[in-house]
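Trainee: Pasting in a structure now, in structure tokens, and then I'll have a few things to ask.
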Amino acid sequence: MADGSQNGSQRPTPDQQSVDPHWEPEYNGDMSLERITVDPNRMGGLPCIRDLRVTVGMILGQLAAGQTRAQILADYPYLEDADIAAALAYGAARVNERDLPLAPTA
């Protein structure tokens, strides 16, 4: 449930999140990245939110600068809280990626 009344999950509204800056969503390993789109003809191929001209980097940058989810949603009224969660999930997934060199062939 979106309000967090089931399964013990606490999911505050964006306004509640701004009151508790240490709140983090519970990660259940099943976050979908379907809200993140990559189109080489849009925003230079950067990952975007729902094919809008809002990049994942723009959202992550604002969060890193101290903006709350509520402030971001006020600045971008066409975004949803789930878009911000998807941007965070995408960023976390990209940080955990690593390139492994192939063993040289003899």
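Where a number appears in this text, it was derived from the coordinates with a stated rule and is not lab data. Here the structure is a predicted model, which is why all the values come from computation and not from measurement. All Cβ positions, even for glycine, are placed from backbone atoms using ideal geometry, and neighbour counts span all protein chains on display.
Trainee: Can you tell me which of LEU52, LEU63, LEU33 is in a loop (DSSP other than H, G, I, E, B), in contact with a helix residue (DSSP H, G or I) (Cβ under 8 Å, 6 or more places away or on another chain), surrounded by fewer than 18 Cβ atoms within 10 Å (Cβ to Cβ) and touching a residue at least 12 places away in the same chain (Cβ under 8 Å)?
Mentor: Details: LEU52 fails: in contact with a helix residue (DSSP H, G or I) (Cβ under 8 Å, 6 or more places away or on another chain); LEU63 fails: in a loop (DSSP other than H, G, I, E, B).
Exactly one of LEU52, LEU63, LEU33 is in a loop (DSSP other than H, G, I, E, B), in contact with a helix residue (DSSP H, G or I) (Cβ under 8 Å, 6 or more places away or on another chain), surrounded by fewer than 18 Cβ atoms within 10 Å (Cβ to Cβ) and touching a residue at least 12 places away in the same chain (Cβ under 8 Å), namely LEU33.
Trainee: Hey, another quick one. Being charged (D, E, K, R) and within 20 Å of GLU34 (Cβ to Cβ) is the filter; apply it to the stretch 66-83 and report the residue that is surrounded by the most Cβ atoms within 10 Å (Cβ to Cβ).
Mentor: Across the stretch 66-83, the extreme among qualifying residues is ARG69.
Trainee: Follow-up. Which of the residues spanning the stretch 84-105 are surrounded by 10 or more Cβ atoms within 10 Å (Cβ to Cβ) and over 21 Å from PRO40 (Cβ atoms)?
Mentor: The answer is ILE84, ALA85, LEU88, ALA89, ALA92.
Trainee: Can you run down the residue pairs with Cβ atoms below 9 Å, 6 or more apart or on separate chains, where the first is in the stretch 93-106 and under 30 Å from GLU34 (Cα atoms) and without any contact (Cβ under 8 Å) to a residue 12 or more places away in the chain and the partner is assigned to a loop (DSSP other than H, G, I, E, B) and of a type outside the set (Phe, Trp, Tyr)?
Mentor: ARG94/PRO47
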